[in-house]
Amino acid sequence: MDGQKTRTFSLTSIAEWFGSTLGQIIVAIVVPVVTFIVMWRGFIFLRDGDAPKLIIALVAIIWGVGGVALIYFVTNWLIERLPPRWTERLQPFLFVGPAMAILFWYLAIPTIRTFILSLKDRTGQEFVGLQNYAAVFTDRLMTIAFRNNLLWIVVGASLSVVFGLLVAILADRSRFENFAKSMIFLPMAISMVGAGVIWNFIYEVKEAGAAQIGLLNAIWVALGNEPQAWTAFNQPWNNLFLIVILIWMQTGFAMVIFSAAIKGIPNELIEAARVDGATEVQIFFRIMIPYIMGTIITVSTTIVIFTLKIFDIVWVMTGGQFGTHVIATQFYRQAFTNQNKGYAAAVAIILVLAVVPVMIYNLRQFAEEEAF
Amino acid sequence: MKSSKRENLIRDIIINGTLLLLVLLWTIPTLGIFISSFRTRFNIQTSGWWTVFPHKEWQLVEELDIPEGTDPDGVMNIAGATGTFDEFREGIITEDGRQVIWSGNKALGTIRIKEKRWDFLPELTLNNYGQVLAGKTYEIQTADGDTMTVQGDNFLGAFLNSLTVSIPATIIPILIAAFAAYGFAWMNFPGRKLFFITVVALLVVPLQIALVPILRDYVKLDLNGTFLAIWLAHTGFGLPLATYLLFNYIKGLPRDILESAFIDGASHFTIFLRLILPLSVPALASFAIFQFLWVWNDYLVALVFIGAKPDVQVMTMRIAALVGSRGSDWHLLTAGAFISMILPLIVFFSLQRYFVRGLLAGSVKG
């Protein structure tokens with residue numbers, strides 16, 4: 001009798017404990033940690049193993065995807081065994097916990113860790129105050145990187161938006177709209193590394209007199225000029241030849257979004273303007289542009305943020321030589337080539353600071369929505 | 001009435017003409033490497049890829065000995081062309097459209113006569129793909145005339161690695177984000193709003209912020225160079241957008257479905273698996289394409305987290321390495337780049353509708 005009482009008591013207290021905030025947090029952390037440990041051991045085993053490549057690939061995919069799914073199933077099974085009250089309290093943390101844990105581990109906490117690191121010396125041992133930031137803003141290579149990034153944003157982002165808008169509007173009135181849009185959109189599917197190869201080939205230079213195999217030099221020489229190494233000489237204008245690649249890739253993105261926005265303009269509005277005798281140009285500037293202004297701002301912001309972090313194109317095309325460094329390539333060089341962690345962290349923090357206005361805007365938008 | 005018809009026609013021509021020009025400009029770069037990937041190493045190096053199209057080219061039609069008694073130091077008259085030795089060396093074009101060239105030096109030479117003829121049949125080959133995929137060898141002529149045998153590259157392994165990285169790095173974040181999105185949309189728990197604000201705030205954070213700290217964690221955990229390391233990294237960087245997009249979608253599903261399912265005694269987990277996941281397929285597909293292309297095309301994350309392990313290298317890393325070490329081996333580069341594009345292009349063309357929908361759902365990613 002006495003024993004049974006104790007047992008019921010201990011069961012409830014365990015359940016109680018699980019239902020407490022502390023218990024909820026612990027469940028939320030334990031699930032991903034267990035997943036992680038199981039998969040981690042498996043992967044070190046796989047990495048050090050010597051099986052044929054295809055087998056490793058297959059096992060890895062099944063293990064990875066299956067493992068994550070399994071953890072959810074098992075934990076849910078455990079939670080549903082608990083008294084309903086506790087199930088109800090714990091289940092949300094099974095749903096949301098893993099995502100939050102990963103977000104904190106991979107983005108939220110690193111932001112703080114990188115900030116602390118940016119106040120330390122190159123090995124991350126001793127605090128040096130704001131020295132890294134002072135160095136970042138006075139370093140000649142870094143100033144060039146800032147200037148170049150500005151050039152990328154001003155020229156690259158704005159031309160992507162302009163071309164995107166142009167194509168969207170032309171395609172809207174054309175008979176081969178879908179074909180044209182697909183072709184302009186296609187570079188979006190290509191990696192920036194692949195795009196680097198494509199454009200390196202366009203810019204390829206051979207000595208004067210030899211047949212030029214790069215398209216640009218072939219045209220340039222046919223017009224009676226000397227062949228040029230486009231991405232290497234004439235600094236800082238050589239940056240423009242790299243920026244062309246960004247425009248080539250991002251125009252498709254801008255176009256798709258603008259195209260949808262234009263189709264959303266009520267037809268009556270445009271017809272009415274036509275009846276009143278407005279020209280096409282007037283319709284474009286007085287009706288279409290104001291109507292899709294919100295979309296233009298969103299697209300511009302997205303492309304600017306993308307351009308701010310541009311890395312692959314520069315790294316593959318020039319490796320930052322010939323005065324083409326940008327912020328992200330400087331970050332990479334400092335962090336992994338020079339092993340100057342403190343300096344690199346300061347560069348990364350500057351990148352984050354640059355997007356803070358957008359972050360605040362997003363949060364405001366979110367706060368205004370009443371849905372949550 | 002008639003003039004407005006003409007105006008319309010002119011407008012049509014201007015619109016379609018400009019559009020066609022833009023399409024051409026946008027397509028030619030890709031076309032260039034696509035065509036080049038089928039040309040031999042020698043042809044790529046000595047003539048532009050556009051020469052595969054039918055074009056007129058000087059072709060040798062006759063080779064003559066130097067006529068007896070020609071004085072190379074004066075003005076000569078050979079095969080209907082008149083000029084000095086230097087002019088003949090450059091090639092003289094006669095009135096009937098033939099080119100007469102002195103080949104060799106003054107003492108020992110021949111006269112070559114060329115005519116412009118149509119070249120219809122380009123020389124194409126699949127060898128580049130064999131060399132870049134399976135490491136087949138190829139021969140090159142060095143400057144002093146020797147032949148050298150060079151090993152191709154092993155892109156097949158890199159292709160498999162890219163698949164092994166991309167598939168789980170697409171599915172895992174979607175699964176985790178779908179659970180979270182359901183939780184945020186239809187469950188009540190303390191901290192719900194605060195957590196979601198975190199998600200929104202992290203939407204635009206550049207991933208550069210995480211590279212150094214995460215690399216440290218990976219070194220401590222001995223995770224570097226494993227597939228798990230890179231899946232988790234891509235999961236982490238893709239999660240804010242995935243959660244945000246899926247939340248918006250799942251929140252919009254009719255609430256009565258949920259309530260009637262509850263009355264029938266279904267649990268959250270069952271509702272999620274049986275009802276919400278199937279209903280969310282369009283949103284899941286949109287994000288899946290987005291994430292797959294992003295991971296497949298990623299270079300930076302792979303470079304940082306698997307850079308040190310050559311046998312785990314993905315496609316983009318192999319190509320970048322090839323650009324660095326063999327930048328003028330265009331036959332390998334073009335074929336390799338094209339192989340890396342095949343899968344994204346297939347995904348892109350077959351699922352374009354979903355992809356566009358995903359983009360439209362709002363995409364500001366860090």
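The values are calculated or read from the model by the stated rules, or taken from the named source; none is laboratory data. Just so you know, these numbers come straight off a predicted model, no measurement behind them. Ideal geometry is used to build each Cβ from the backbone, glycine not excepted, and the neighbour counts take in all protein chains shown.
Which members of region B:108-125 meet the condition of being exposed (fewer than 12 other Cβ atoms within 10 Å of the Cβ) and of a type in the set (Asp, Glu)? Answer for region B:108-125, where residues must be exposed (fewer than 12 other Cβ atoms within 10 Å of the Cβ) and of a type in the set (Asp, Glu): just B:Glu123. A:Ile102 - would you say it is of a type in the set (A, V, I, L, M), within 12 Å of chain B (Cβ to nearest Cβ), farther than 30 Å from A:Phe241 by Cβ and free of Cβ contacts under 8 Å to residues at least 60 places away in the same chain? Spelling it out, it is not the case that A:Ile102 is of a type in the set (A, V, I, L, M), within 12 Å of chain B (Cβ to nearest Cβ), farther than 30 Å from A:Phe241 by Cβ and free of Cβ contacts under 8 Å to residues at least 60 places away in the same chain.
Check region B:216-230 and report whether any residue there is under 30 Å from A:Thr301 (Cβ atoms) and either part of a helix (DSSP H, G or I) or in contact (Cβ under 8 Å) with a residue 40 or more places away in the chain (or both). Within region B:216-230 (the criterion being under 30 Å from A:Thr301 (Cβ atoms) and either part of a helix (DSSP H, G or I) or in contact (Cβ under 8 Å) with a residue 40 or more places away in the chain (or both)), the answer is yes, since at least one residue qualifies.
Taken as a whole, the structure leaves B:Arg192 outside the set of residues that are of a type in the set (D, E, K, R) and under 34 Å from the mean Cα position of the chain (by Cα). For A:Ile116, the requirement of being in contact with a Phe, Trp or Tyr (Cβ under 6 Å, 6 or more places away or on another chain) and modelled with pLDDT of 90 or more is not met.
If we scan region B:32-44, do we find a residue that is in a helix (DSSP H, G or I), surrounded by fewer than 14 Cβ atoms within 10 Å (Cβ to Cβ) and modelled with pLDDT of 80 or more? Yes, because at least one residue in region B:32-44 is in a helix (DSSP H, G or I), surrounded by fewer than 14 Cβ atoms within 10 Å (Cβ to Cβ) and modelled with pLDDT of 80 or more. Taking the criterion of being aromatic (Phe, Trp, Tyr), in a helix (DSSP H, G or I) and under 13 Å from A:Ser191 (Cα atoms), the residues of region B:291-307 that qualify are B:Phe292, B:Trp294, B:Trp296. Those strands (runs of 3 or more DSSP E) of region B:45-96 in which at least 1 residues are touching a residue at least 40 places away in the same chain (Cβ under 8 Å), surrounded by fewer than 12 Cβ atoms within 10 Å (Cβ to Cβ) and more than 14 Å from chain A (Cβ to nearest Cβ), considering only elements entirely within it, cover B:55-65.
A:Pro92 meets the conditions (1) at the interface with chain B (Cβ under 7 Å from one of its Cβ atoms); (2) over 16 Å from A:Ile26 (Cβ atoms); (3) at pLDDT 85 or above in every case but one. The failed one is (2).
Among (1) farther than 30 Å from B:Arg353 by Cα; (2) surrounded by 24 or more Cβ atoms within 10 Å (Cβ to Cβ); (3) away from chain B (no Cβ under 14 Å), where does A:Leu130 come up short? A:Leu130 satisfies every listed condition except (2). Taking the criterion of being without any contact (Cβ under 8 Å) to a residue 12 or more places away in the chain and either touching a Pro at 6+ places or on another chain (Cβ under 6 Å) or more than 11 Å from chain B (Cβ to nearest Cβ) (or both), the only residue of region A:321-337 that qualifies is A:Thr337. What do you reckon, is A:Leu70 farther than 20 Å from B:Leu239 by Cβ and either more than 8 Å from chain B (Cβ to nearest Cβ) or outside any loop (DSSP other than H, G, I, E, B) (or both)? It is false that A:Leu70 is farther than 20 Å from B:Leu239 by Cβ and either more than 8 Å from chain B (Cβ to nearest Cβ) or outside any loop (DSSP other than H, G, I, E, B) (or both). Scanning region B:264-272 turns up no residue that is in contact with an Asp or Glu (Cβ under 9 Å, 6 or more places away or on another chain) and acidic (Asp, Glu).
Among the residues of region A:188-201, is there at least one that is in contact (Cβ under 8 Å) with a residue 60 or more places away in the chain, in a helix (DSSP H, G or I), within 12 Å of chain B (Cβ to nearest Cβ) and small (Gly, Ala, Ser)? Yes, the conditions are met somewhere in region A:188-201. For region B:182-202, indicate whether the set of residues that are closer than 30 Å to A:Ala354 by Cα and not in a helix (DSSP H, G or I) is non-empty. The answer is yes; a qualifying residue exists. Note on region B:344-361: among residues that are in contact with a Ser or Thr (Cβ under 8 Å, 6 or more places away or on another chain) and more than 9 Å from every other protein chain (Cβ to nearest Cβ), the one that is farthest from A:Lys53 (Cα to Cα) is B:Ala361.
Tell me yes or no: at least one residue of region A:273-290 is among the acidic types (Asp, Glu) and more than 23 Å from A:Val161 (Cβ to Cβ).
So in region A:273-290, the residues among the acidic types (Asp, Glu) come out as A:276, A:280.
Checking the rest, the ones that are also more than 23 Å from A:Val161 (Cβ to Cβ) come to A:276.
Looking for residues that are among the acidic types (Asp, Glu) and more than 23 Å from A:Val161 (Cβ to Cβ), one finds at least one in region A:273-290, hence yes.
Only residues that are more than 8 Å from chain A (Cβ to nearest Cβ) and outside any helix (DSSP H, G or I) were counted in region B:308-343, giving 6. If I ask for residues that are surrounded by fewer than 19 Cβ atoms within 10 Å (Cβ to Cβ) and charged (D, E, K, R), which ones from region B:268-298 would you list? Matches in region B:268-298: B:Arg274 only. Scanning region B:224-281 for residues that are among the polar types (S, T, N, Q) and within 10 Å of chain A (Cβ to nearest Cβ) yields B:Asn224, B:Thr226, B:Thr235, B:Thr243, B:Asn248, B:Ser267, B:Thr270. The requirement of being part of a helix (DSSP H, G or I), at the interface with another protein chain (Cβ under 7 Å from one of its Cβ atoms), buried (at least 19 other Cβ atoms within 10 Å of the Cβ) and at pLDDT below 90 is not satisfied by B:Leu211. One residue stands out in region B:262-287 among those that are of a type in the set (Gly, Ala, Ser) and in a loop (DSSP other than H, G, I, E, B): the one that is farthest from B:Thr243 (Cα to Cα), namely B:Gly265.
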